[in-house]
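Just so it is clear, none of the values below were taken in a lab; they were calculated from the coordinates. These figures come from a predicted structure and were not determined experimentally. Here the Cβ is made from the backbone with ideal geometry for all residues, glycine too, and neighbour counts use every protein chain on show.
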Amino acid sequence: MKRRGVLKIVLILVGALILTQCRPPTPVAAAVEFAPGVGADADQPVIKELVAAFNEAEAAVKKADLDAVMTFYATTYNYHGLKRSDVRRVWEEVFLHYGNLSSSHVFTELKLIQADGVRKAYVTCTGGLYGTEKETGKAITIDSWVREVHYLVKEEGAWRFFGNAGGAVDEAPPASAPHHPLF
């Protein structure tokens, strides 16, 4: 009798999971979080500026405002050889095929430096880009990343995405697309 009770509970739980259509998380806002201890020794106003930059980028993504999204990319943006025009093409595709976009970012390391008169930030991040397929209405994880380094520069008074923290090539094949359009 006891086994039947356990079996019923298991079947009910499995049924509930199937009925609720397990799907990826879809945050409602730009969830920018710092892991415990990250940024404790950093310049707090800079941390606020970085979070504001990510939140502004998120607002532009939610509105599918391509021109506003592109303002967050440095003029010399380079992500593994992909330039601003390449990442613009990626965002055009994202906006064409997906709606209800949102992202999450958990910063696990933060390094701020000043070099050659330019303020730079290296932010190690785990997160994702989520949305809904326009064709099917299905919730989907468009992109996810683990311990990727957001490389930002202070350009014209604002933090801009510059690319990856190293290993960039001068140019990428025409069919290439960055794996993480927010970088």
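Rounded to the nearest 0.05, what FRET efficiency do residue 146 and residue 62 give with R0 = 30 Å and r taken as the Cβ-Cβ distance? Could you check?
0.80
Nearest 20 debye, what's the magnitude of the dipole of segment 24-163 about its Cα centre given +1 on Lys and Arg Cβ and -1 on Asp and Glu Cβ?
Dipole about the Cα centre, nearest 20: 100 debye.
With +1 assigned to the C-beta of every Lys and Arg and -1 to the C-beta of every Asp and Glu, and no other charges, what is the dipole magnitude of segment 68-134 about the Cα centre in debye, to the nearest 20?
For this selection, approximately 200 debye.
What translational diffusion coefficient, in µm²/s and rounded to a whole number, does the Stokes-Einstein relation yield for segment 73-134 at 20 °C and a viscosity of 1.002 mPa s, taking the hydrodynamic radius as the Kirkwood radius over Cα pairs?
In µm²/s, the coefficient rounds to 152.
Quick one: order 54, 95 by neighbouring beta-carbon count within 10 Å, fewest to most.
95, 54
Over 23 Å between Cα atoms, which of 62/111; 48/83; 111/154; 62/134 qualify?
In this structure, 62/111; 48/83 lie more than 23 Å apart at Cα.
Do you know the relative contact order of segment 24-163, to the nearest whole percent, from alpha carbon pairs under 8 angstrom that are 6+ apart?
Reported relative contact order: 28 percent.
Could you please rank 130, 79, 98, placing first whichever residue has the fewest other Cβ atoms within 10 Å of its Cβ?
On the way: 130 22, 79 25, 98 18.
So the residues, fewest neighbours to most, are 98, 130, 79.
Which value results when the Cα radius of gyration for segment 99-167 is divided by 2.2 N^0.38 Å? List each step's numbers first, then the result.
On the way: Rg = 15.1 Å, N = 69, 2.2 N^0.38 = 11.0 Å.
After normalising by residue count via 2.2 N^0.38 Å, the value is 1.38.
So how much slack lies between residue 115 and residue 55, counting 0.36 nm per residue of separation and subtracting their Cα-Cα distance, in nm?
Net length gain for the segment: 19.0 nm.
Going by how many other beta carbons lie within 10 Å of each one, how would you line up 103, 144, fewest first?
Details: 103 24, 144 16.
Fewest to most other Cβ atoms nearby, the residues stand as 144, 103.
Under a plain spin-label model, where a point goes 7 Å from the Cα along Cα-to-Cβ, how far apart in nm are residue 46 and residue 75?
The two pseudo-label positions are separated by 2.3 nm.
Kirkwood Rh, segment 24-163, all Cα pairs: how many Å?
Evaluated over segment 24-163, this radius sits at 15.6 Å.
Residue separation times 0.36 nm, minus the C-alpha to C-alpha distance between residue 108 and residue 138: what's the value?
So the chain would gain 7.8 nm between residue 108 and residue 138.
Which FRET efficiency value, to the nearest 0.05, do you get for residue 122 and residue 100 by plugging their Cβ-Cβ distance into 1/(1 + (r/R0)^6) with R0 = 41 Å?
Details: r = 31 Å, r/R0 = 0.75.
With R0 = 41 Å, the Cβ-Cβ based efficiency is 0.85.
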